[in-house]
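A short worksheet on the structure shown next.
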Amino acid sequence: MSDFDVIVIGAGFSGLYALHKLRDQGLRVRALERADAVGGTWRENRYPGARCDIESIEYSYSFSEEIQQEWVWTESMPAQPEIEAYLNFVADRLDLRRDIAFGTEVLAMAFDETDALWRLETSGGAYAAPFVVAASGILSVPLEPDIPGMASFAGESLFTSRWPDTDVDLVGKRVGVIGTGSTGVQLIPVVAREAGHLSVFQRSAAFTLPWTVHELAPGELDGLKADYADIRAAQRAHPVGAARLSAFSVLLDMLASPPIKTATREEQLRAIDERGVMGALNWGDVFFDIEANRMATALYGEAIARIVEDPDTAAALVPTHPFACKRPIIDQGYYETFNRDNVTLIDLRNGPIVSVTPRGISTAQGDVDLDVIIYATGFDAMTGALSRMKVRGLQGVLLGDYWAEEGPLSYLGLAVAGFPNLFTVQGPGSPSAATNFVAAMEQHIEWIADCIGYLRAHGYRTIDAQPGAQRDWVEHATSLVAPTVLTHPSCNSWYNGANVPGKKRMYMGYTAGIPEYRRRCDEIAANGYQGFTLA
Ligand code: NAP
C-alpha cells in the first residue's frame, strides 16, 4: 500500500493538468516539482524576448470553460511573463498547490515488480505509487556546449534556459550570443537594443519568418471568448491543434502552394516582392524535394539581401540545411537587427569557436572581448529529462541506456515497453513537438486518465507496452516522414536528436496530425488497450 495512486513529475503545463484531471477522478495524486514554483519550461526560459509562437487564445487550456473565460490575455501571442502568470493563476484557481511538493527533484525511480509500485528517490525523500505520469517536459534539459574554458570567463555567463529571476543589466555592455535557434532569434533583437555591442556567434543560419504580435484591442478578447466553442472545435479538428495563425499553420499553408520547380523566374520574384522571406519559401514541393528546397533557399537568400544591407552579412545569414527540417521559427525584426551599427555576425562556418577565455570568445577567425556571454544552445529534447532520472524498469533496465542503445523507442509516445505503469506525456513518437504543445498535451493527459480509470475499474495492476506494438508504431511514425526533407542526412535538428553528441538519430515526432493520432489512440483504448499487456 502506498500513500498515492499516482505521482506526477513536473508542474508545468502538463503536470498541472495531470494533477487536476487525476485528482478529479478521485485518485490520490502528488506532483513533484524540482523548482519552487509552477511553470516548468515557461518559468525557466525567462530570457528577454521569450514568447510563444502560437496565439494565446489557442495556446491555453481548453478543458475549463471558467478558466478560459476568466483569464485575460493582453497580446495575440503571449510573452513569457504572461504565460507564467497564467499558469500561476490556473494553479490557484484549481487549488493545485496543496498537492505539489516543490523543491523536490526526482533523482531515481525503479519499478518494484513484487508490489507493482514505482519507488522514487527524490531530493525531498522517498515516494511510491502504482502509476507515474512523467510530465517532465520535452525541452527541459538544457544542452550546455562543451567549449573549452567556459568556466574561465571573467565576465557574466548567462543561459537562456535558466535565466535569472533578477533583472539582468546589459545596457552598454559587450554581449556575445551563441546560438541562433528559436531562442537566439527571439533574444537577439531585444539584446541588440540594450547592449553596447552585440556579437552573434552563428554556427547554423536559421530560417525565420517575420511576424507581428499585436496587443489585443479593447473588446477583441471578449469577442474571441464569445466564440470560444467554435475556436476550440476548429482547433480540435486541425492537424497541428492550432487553427489560427501559428508557426505551424504557416507550414501547412505552404504545403498547399504550387511547386517552385515549375514556377517562372518572374513568379519567384513576385513571391519575394509581395511577401519577402515568407514568399521565398511558400512552395508546395519544398517539403519533399531537396532540389526544390535548395531553389527556395536560394530565393530566400535573395529576400534576405533585400533587408540586410551588408552583402557579406546577408550571405552569411543564408542557411545551408534544408528548410522545414528544423522547427519553424518566427521573429520580430531579426534580419533588420543586423543593420544596426552595434551588431556583428560571426559566421562560425568560416572558423569555429576554439575556446572561451577569461576575456571573451576565441574563434579560428580571431578573438572577441566580451562582458557577457549568453548561451542559447538548445536542449536534450524529448528523452533528456527521463534519461537523466535513472528510471529502472523490468529487470532493472535503465531507460536512459535503453534509449541510448535502441533509439528513442516508444509506443504512441505514451509508454515504453519494459517500463510498466509509466506514462510519458509528449514522449517520442507523439505529435508533441510538431504541433501546438498544449492541445497535444491535453489529449495525452485525458487518454492517460481514462487508461488509469480503466485499469482500476477492471482490477488490473499493471499495463506495459508490447515490444512488437512499439516497433510497429515506430515504423509507422518513421514512414510518415521518410518521403520528406526531415530525414535528409544534412538535417541536424533536435527533432531527430542530431543536436546532442552521441544521441541515436531518429525523428521523434508524429506528423499525421493530432486528429489522426487521437483516432488511433482512441481505437487502441476501445479495443481494450491493444498493443499493451494488462495484468
Ligand atoms: P535549438 O533550436 O536547438 O538551437 C540551438 C542553437 O545553438 C543552434 O543555432 C545551434 O547550432 C547552436 N549551438 C549549439 N551548440 C553550439 C556550440 N557549441 N557552438 C555554437 N553554436 C551552438 O534550441 P532553441 O533555440 O533553444 O530552441 C529549441 C526549441 O525550443 C525550439 O525549436 C522550439 O520548439 C522551442 N522554443 C520555442 C519558442 C517559441 O515558442 N517561440 C522560443 C524558443 C524556443 P546548430 O544549429 O549548428 O546546432
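Whenever a residue of segment 95-113 is under 15 Å from VAL6 (Cα atoms) and assigned by TED's automatic domain parsing to the domain that holds VAL132, its partners that are polar (S, T, N, Q) and in a strand (DSSP E or B), lying with C-beta atoms within less than 6 angstrom and at least six residues away or across chains, give the pairs VAL106/THR122. Residue count for segment 382-414, restricted to those that are assigned to a loop (DSSP other than H, G, I, E, B) and surrounded by fewer than 21 Cβ atoms within 10 Å (Cβ to Cβ): 3. Where strands (runs of 3 or more DSSP E) sit wholly within segment 339-381, those with at least 1 residues that are at pLDDT 95 or above, in contact with a helix residue (DSSP H, G or I) (Cβ under 8 Å, 6 or more places away or on another chain) and within 13 Å of the ligand (Cβ to nearest atom) occupy 343-347, 353-356, 360-363, 372-375.
Report yes if SER199 is without any contact (Cβ under 8 Å) to a residue 60 or more places away in the chain, within 16 Å of the ligand (Cβ to nearest atom) and either closer than 28 Å to ALA498 by Cα or not basic (Lys, Arg) (or both), otherwise no. In short, no.
Of all residues in segment 126-155, those that are assigned by TED's automatic domain parsing to the domain that holds LEU107 and within 26 Å of LEU414 (Cβ to Cβ) have Cβ atoms under 9 Å from Cβ atoms of residues that are more than 16 Å from the ligand (Cβ to nearest atom) and modelled with pLDDT under 95, 6 or more apart or on another chain, in TYR127/SER2; TYR127/ASP3; ALA128/SER2; ALA128/ASP3; ALA129/SER2; ALA129/ASP3; PRO130/SER2. Inspect all residues belonging to segment 171-184 and state whether any of them is within 16 Å of the ligand (Cβ to nearest atom) and charged (D, E, K, R). No, that holds for no residue. Of all residues assigned to segment 458-476, none qualifies as being surrounded by fewer than 18 Cβ atoms within 10 Å (Cβ to Cβ), in the same structural domain as SER14 (by TED's automatic domain parsing) and of a type in the set (A, V, I, L, M, F, W, C).
Inside segment 475-496, residues that are within 11 Å of the ligand (Cβ to nearest atom) and in contact with an Asp or Glu (Cβ under 9 Å, 6 or more places away or on another chain) make up a count of 1.
Any residue that is part of a loop (DSSP other than H, G, I, E, B), near the ligand (Cβ under 10 Å from one of its atoms) and surrounded by fewer than 17 Cβ atoms within 10 Å (Cβ to Cβ) - is there at least one of those in segment 321-328? No, every residue in segment 321-328 fails to be part of a loop (DSSP other than H, G, I, E, B), near the ligand (Cβ under 10 Å from one of its atoms) and surrounded by fewer than 17 Cβ atoms within 10 Å (Cβ to Cβ).
Does ILE272 fit the bill of being of a type in the set (Val, Ile, Thr), part of a helix (DSSP H, G or I) and within 22 Å of VAL191 (Cα to Cα)? In short, no.
The values are calculated or read from the model by the stated rules, or taken from the named source; none is laboratory data. Every value quoted in this text rests on a predicted model; they were computed, and no experiment measured them. In this analysis, Cβ positions are derived from the backbone assuming ideal geometry, glycine residues included, and neighbour counts consider all displayed protein chains.
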